[in-house]
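Encoded as structure tokens, the structure appears first; notes follow it.
No value in this document is a laboratory result; all are computed from the given coordinates. Predicted model, so just to flag it, every value in this text is computed and none were measured. Neighbour counts run over all protein chains shown; Cβ positions are idealised from the backbone, glycine included.
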Amino acid sequence: MTTTRTQVAIVGAGPAGLLLSHLLHRTGIESIVIDNRGYEQIAGTIRAGILEAGSVRLLVDSGVSDRVLTEGMRHDGVVLRFHGENHRIDFQDLVGESVWLYPQTEVFLDLSARRAADGGDVRYGVTDTVVDIAGARPVVTFTESDGTRVEVAADLLIGADGSRSMCRHAFPAGVRDEWFREYPFAWFGFLVEAPPSHDELIYTRSDFGFALISQRTSTMQRMYFQCRPDERPEDWDDDRIWTEMRKRVNGNGFELAEGPISAKTVLPFRSFVTAPMRHDKLLLAGDAAHTVPPTGAKGLNLALADVAVLAESIADFYGTGDADVLDRYTERALDRVWRAQHFSYWATTMLHTAADASPFDRQRQHGELSMLTGSRHGAAYFAEAYTGWQHPK
Ligand code: PHB
């Protein structure tokens, strides 16, 4: 057994864990990051693709990389399609902001390269991780890929370990609340080898269900359609998928650019929040503390926003020596979390059709979409939420 000391031990080497390690390094605080997934496994996972303006500023201004500006694609608006017609929400005109299409995998690659260049201690592919917060210092124990058992004692332990977080479960019973909502549908996601069908994303409401047309590169698109939560990717061949997509999206002169399909997955739909995000020396960030349904692409952005606040709280903790300043973290992060919960829930319910939706429900949804796209104030409300709120002070 090897025993090590560090200031901050971080469980999870996704974007939240790596960005935290990077921001702490910039203020002279050392950390060790571990993940039970291998580097290749994290890099190979397809996740959402939209970064809010504030997320882009955070990555660029903190020196992670400016690749998002050179290789990402700036989107100044988005299309809501219903009744077979496109309605564009012009972000620049309405709120003077944009979003960037830059897949989460690229964010991960940039962060891990930056940590490596700065001599960061990131250990991928560890096994048998155990966290213990009962003693004077939090301790995390794990086995390295070469078989060495390692014990890390830290001042603070961060759970950035995703929606199935083991760190969240290390909170003692009864100290945190949970809020949870399930939806009666999921998304079927897939990659399409064909150039973009449109220059901006299209969120479509149809009586056959929701569909989203997104992109990855000039030759690759990412698309999703609403499906049952128990749908199995192997039951859907290309023909069946295109028949479904055409029904939902094509019409009035618009046609999807079709091509060979790969990377089929079913994404669960859940809304979840736990608070407080801190207990003693253990703090949660990103999906470990909250998940949103993917409509609106808030998950990664929320994780990065958490970490911006958390890095400041940790710097305050070392500056003042007072652990109570860490309590401000939950308070500051949670306001944005609940705004994003509302937005993701609202966009989901506005655009999806429940199997038991009544004719009244369907007409009302059209009224809602018409009110949103037909009013400058309605459209600005959507644009502000989609491009993201200012990072909290
Ligand atoms: C994606 O490109 O993967 C994507 C875009 C927007 C969303 C969700 C996913 O709301």
Original post:
Label residue 375 and residue 390 with points 7 Å out from Cα along Cα→Cβ: what is the distance between them in nm?
Top reply: 2.5 nm
Original post:
Farthest toward the dipole's positive end in the chain, which of 367, 112, 317, given Cβ charges of +1 (Lys, Arg) and -1 (Asp, Glu) about the Cα centre?
Top reply: 367
Original post:
Each label point is 7 Å from the Cα along the Cα-to-Cβ direction; what then is the distance between the points at residue 118 and residue 327, in nm?
Top reply: 3.0 nm
**OP:** Let me know the charge dipole size of the stretch 102-236 about its Cα centre in debye, to the nearest 20, where only the beta-carbon of Lys, Arg (+1) and Asp, Glu (-1) is charged.
**Re:** 200 debye
Original post:
When the chain is treated as a GNM, springs tying every alpha-carbon pair under 10 Å, which of 375, 214, 112 comes out with the largest mean-square fluctuation?
Top reply: 375
**OP:** Please give the contour-minus-distance gain from residue 360 to residue 83: 0.36 nm per residue of separation, less the Cα-Cα distance, rounded to one decimal in nm.
**Re:** 98.2 nm
Original post:
In debye to the nearest 20, how big a dipole does the chain give about its Cα centre with +1 on each Lys and Arg Cβ and -1 on each Asp and Glu Cβ?
Top reply: 420 debye
**OP:** Starting from the stretch 187-255, pick out the GluC sites (Glu not before Pro) whose DSSP state is loop and whose Cβ has at most 13 other Cβ atoms within 10 Å.
**Re:** 255
**OP:** Report the extension gain between residue 136 and residue 175 in nm, rounded to one decimal, defined as 0.36 nm multiplied by the number of residues separating them, less their alpha carbon distance.
**Re:** 12.2 nm
Original post:
Counting other Cβ atoms within 10 Å of each Cβ, which trypsin sites (Lys or Arg not before Pro) in the stretch 82-180 have at most 10 and sit in a DSSP loop?
Top reply: 164
Original post:
Comparing 240, 376, 232, which has the greatest mean-square fluctuation in the GNM of the chain with Cα pairs linked when under 10 Å apart?
Top reply: 240
Original post:
Given +1 on the Cβ of Lys and Arg, -1 on the Cβ of Asp and Glu, and no further charges, what dipole in debye does the stretch 302-374 carry about its Cα centre, rounded to the nearest 20?
Top reply: 460 debye
**OP:** Please report, largest first and rounded to whole Å, the three semi-axes of the ellipsoid equivalent to the stretch 228-302, where each semi-axis is the square root of five times an eigenvalue of the C-alpha gyration tensor.
**Re:** 37, 15, 10
Subject >> Estimated 222 nm signal from helices in the chain, with DSSP H stretches of n ≥ 4 weighted -39500 (n - 2.57), rounded to 500 >> reply: -11000 deg cm²/dmol
Subject >> Farthest positive-ward along the chain dipole, Cα basis, beta-carbon charges - from 157, 338, 188 >> reply: 338
Subject >> Karplus-derived 3J(HN,Hα), 6.51/-1.76/1.60, for each residue of the stretch 83-90, Hz, glycine and proline x >> reply: 6, x, 10, 8, 10, 8, 9, 8
**OP:** Would you please put 179-189, 8-18 in order of how densely packed they are, using the mean number of other Cβ atoms within 10 angstrom per residue and starting with the highest?
**Re:** 8-18, 179-189
**OP:** Would you mind getting me the FRET efficiency between residue 182 and residue 231? Use the beta-carbon distance for r and R0 = 22 Å, nearest 0.05.
**Re:** 0.90
Original post:
Please state the relative contact order of the chain as a whole percent: Cα pairs under 8 Å, 6+ residues apart?
Top reply: 20 percent
